[in-house]
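Notes follow the structure.
Just so it is clear, none of the values below were taken in a lab; they were calculated from the coordinates. Since this is a predicted model, take the numbers as computed values, not measurements. Cβ coordinates were reconstructed from backbone atoms using ideal geometry, including for glycine residues, and neighbour counts include every protein chain displayed.
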Amino acid sequence: MITVMLVDDEPIEREGLKLILNNNRTNVNVIAEASDGEQA
């Protein structure tokens, strides 16, 4: 399984990516989210 942290300054884009990755039965596990590199 691939573990990822999503970083994007647009909340709706982050949520969309998370939904795509989680709902398409990919081998990806989203463990965290951040709105910018500093927060990450």
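Projecting the Cα atoms of Ala32, Pro11, Leu21 onto the charge dipole of the chain, computed from C-beta unit charges around the Cα centre, puts Leu21 farthest toward the positive end.
Calculate, in nm to one decimal, what Val30 and Ile12 gain on full extension: separation in residues at 0.36 nm each, minus their alpha carbon distance. Intermediate results must be reported in sequence, preceding the final value.
Working: separation 18, 0.36 × 18 = 6.48 nm, distance 1.55 nm.
The Val30-Ile12 span can extend by a further 4.9 nm.
Can you bin the chain into rounded, prolate or oblate? Criterion: square roots of the alpha carbon gyration tensor eigenvalues sorted a ≥ b ≥ c, rounded for a/c under 1.5, prolate for a/b above b/c, oblate for the rest. All intermediate terms of the calculation are to be shown ahead of the outcome.
Working: a/c = 3.93, a/b = 1.52, b/c = 2.58.
The shape class here is oblate.
Potential lengthening of the chain between Ile20 and Ile2 amounts to 5.0 nm, from the contour at 0.36 nm per residue minus the alpha-carbon distance. Using a cutoff of 8 angstrom between alpha carbon atoms and counting only pairs six or more residues apart, the relative contact order for the chain works out to 55 percent.
On a 0 to 90 degree scale, rounded to 10, what angle separates helix 11-23 from the longest Cα axis of the chain? Orientation of helix 11-23: about 20 degrees from the principal axis.
Net charge dipole, the chain: roughly 400 debye, given to the nearest 20, about the Cα centre with Cβ charges of +1 for Lys and Arg and -1 for Asp and Glu.
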